[in-house]
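**Q** One structure is given below, represented as structure tokens, and several questions about it will come after.
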Amino acid sequence: MGLELAKEAYIRGADLKLVVANVTVDIPSVFDVVYVETSSEMNDVILSMISEFDIFISTAAVSDFEFRQKSDKKLDSSSSLFLNLKPTTKIIRQIKKINPEIFLVGFKAEFNISREEIIECARKQISNAGTDLVVANDISRTDCHFGSDNNEVLIVDDEVLSVPLASKKEIAKTIIDEISKKI
Amino acid sequence: MIVLCVTGSVAASEAIKLAREFRRNDVEVKCFMSEAACELIHPNSMEFATGNSVVTELTGEIEHVKYSQEDLILVAPATANTISKFAHKIADNPISTLLITAYGHDTPIIFVPSMHDSMFKAIKENIDKIKEEGSATFINPRMDEGKAKFPSKEDIVLESLRAINLHKKD
């Protein structure tokens, strides 16, 4: 979904930068890309550049936890192992603190919940992170999981716009239309 | 609609798939082919790919005027010869004639240069002249295996659609 949004924004003339971690899609060479590996690296890169931009679209599904300790050696497999995880920094909540003027678009992927619950989750993100627009969907549906070609989303701010099942390219057009109307 | 001008580089065969990629993006394509391009691929291939008849010569229909104000003139592949003629506004074949007519109408023009590295170096002055006067833009080759290769279809389509939109906003 992120790549389709980038393509649509680029076609419409936006100057943009992509911060990319582990993706399954090929990134066209026309894009200005910063590659990162971990969520903390992504956090650092984004926060260092965010003051220069007008719009931030957060499509990355960033891991919620990271390892408390990392080993630089191979782990011994003769005994059982407990992994100690800590919550990662929520990148999206840092954005408006650094650049209050930015138009912030968040994504909210939920699993197997009702339309009302999805909208509630989206509104929660708006109040927590100051998001201007949230694109929310239910990834439990077989035709709109991560990595699929199609998607069906709700675009949530004060109002709720339902975008019925369509290609990610078509959805990207609708999302960019909504952003253009609101900035 | 865009006008796709195919000139005599071995990358001419890439123009067939490129035309299809534009049509997948709902863009109509009209093709002009140079004589040298017709030695490399048959106009029937481009007619099939675009769904439109191909212009290989200028007739009483004054094709160079008729298609000079479309959304974009894309020269892909663009030879050293075609680029250099445009740099000096020479019009001695259907494509070079279309190009200066389009330039006179302020229609956006994009070149996708495809030639041997040594030729590219030799015409650098002409490319710089075009860039300085802002009469056209260039999509650089894709570097792979140490060689300059024809850019991916996707990159060309993205740059083309962006150029059309930016031009409309001006």
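Bear in mind these aren't lab numbers, they're just calculated from the coordinates by the rules spelled out. For clarity, every value in this text was computed on a predicted model and none was experimentally measured. In this analysis, Cβ positions are derived from the backbone assuming ideal geometry, glycine residues included, and neighbour counts consider all displayed protein chains.
**Q** To one decimal place, what Kirkwood hydrodynamic radius in Å is obtained for the range B:44-170 from all pairs of distinct Cα atoms?
**A** 15.5 Å
**Q** About the Cα centre, and with charges only on the beta carbon of Lys, Arg (+1) and Asp, Glu (-1), how big is the dipole of the protein assembly as shown? Nearest 20 debye, please.
**A** 640 debye
**Q** Assign unit charges at the C-beta atoms only (+1 for Lys and Arg, -1 for Asp and Glu), then state the dipole size of chain A relative to its Cα centre in Debye, rounded to the nearest 20.
**A** For chain A, the charge dipole is close to 460 debye.
**Q** How large is the Rg to Rh ratio of the range A:64-183 when both quantities use alpha carbon positions and Rh follows Kirkwood?
**A** 1.10
**Q** Now for a separate question. Evaluate E = 1/(1 + (r/R0)^6) for A:ASP26 and A:ILE139, where r is the Cβ-Cβ distance and R0 equals 35 Å; express this FRET efficiency to the nearest 0.05.
**A** Result of the calculation: an efficiency of 0.95.
**Q** With each pseudo-label sitting 7 Å past Cα toward Cβ, what's the A:LYS181-A:ARG68 distance in nm, one decimal?
**A** 4.8 nm
**Q** Extending each Cα 7 Å along its Cβ direction at A:LEU85 and B:GLU154, get the distance between those two points in nm, one decimal.
**A** 3.0 nm
**Q** Calculate how many DSSP beta bridges within the range B:2-169 are antiparallel, expressed in % of all such bridges and rounded to the nearest 5.
**A** Roughly 15 percent of the beta bridges in the range B:2-169 run antiparallel, per DSSP.
**Q** As an exercise, take the mean of 1/r over every pair of distinct alpha carbons in the range A:20-80, invert it, and state the Kirkwood radius in angstroms.
**A** 14.7 Å
**Q** Among A:ALA14, A:SER79, A:LEU47, which residue has its Cα positioned farthest towards the positive end of the charge dipole of chain A, with +1 placed on the Cβ of Lys and Arg, -1 on the Cβ of Asp and Glu, and the dipole taken about the Cα centre?
**A** Toward the positive end, the furthest listed residue is A:SER79.
**Q** Which of the three applies to the protein assembly as shown, rounded, prolate or oblate, going by the alpha-carbon gyration tensor with a ≥ b ≥ c and a/c under 1.5 meaning rounded?
**A** Verdict is prolate for the protein assembly as shown.
**Q** From the residues A:ILE95, B:LEU18, B:ILE130, which one has its Cα farthest along the dipole of the protein assembly as shown in the positive direction, the dipole being from +1 and -1 charges on Cβ of Lys/Arg and Asp/Glu about the Cα centre?
**A** Checked the options; the winner is A:ILE95.
**Q** Applying a 10 Å radius around every beta-carbon, put B:75-84, A:131-140, A:160-169 in order of their mean neighbour count, most first.
**A** B:75-84, A:131-140, A:160-169
**Q** Moving to a separate point now. Under a Cβ-only charge scheme (Lys and Arg +1, Asp and Glu -1), can you give me the dipole magnitude of the range B:2-169 about the Cα centre, in debye to the nearest 20?
**A** 340 debye
**Q** Report the relative contact order of chain A, percent, no decimals, based on alpha-carbon pairs under 8 angstrom and at least 6 residues apart.
**A** Worked out over chain A, it gives 19 percent.
**Q** In the range B:1-59, if every C-alpha pair distance is counted and binned at 5 Å from zero, what percent goes to each bin?
**A** Taking all Cα pairs of the range B:1-59, the binned fractions are 4, 23, 35, 24, 11, 3, 0 percent.
**Q** Also: Estimate the FRET efficiency between B:LYS121 and B:HIS167 by the formula 1/(1 + (r/R0)^6), using the beta-carbon distance for r and 22 Å for R0, to the nearest 0.05.
**A** That gives a FRET efficiency of 0.15.
**Q** Per residue, what volume in Å³ does the Cα convex hull of the range B:12-115 take up?
**A** 96 Å³
**Q** With a cap of 14 neighbouring Cβ atoms within 10 Å, and only residues DSSP puts in a loop, list the GluC sites (Glu not before Pro) found in the range A:20-93.
**A** Passing sites in the range A:20-93 are A:GLU37.
**Q** Continuing with this model, one more query. By count of other Cβ within 10 Å, fewest leading, how are A:MET42, A:MET49, B:MET143 ordered?
**A** Least crowded to most crowded, the residues run B:MET143, A:MET49, A:MET42.
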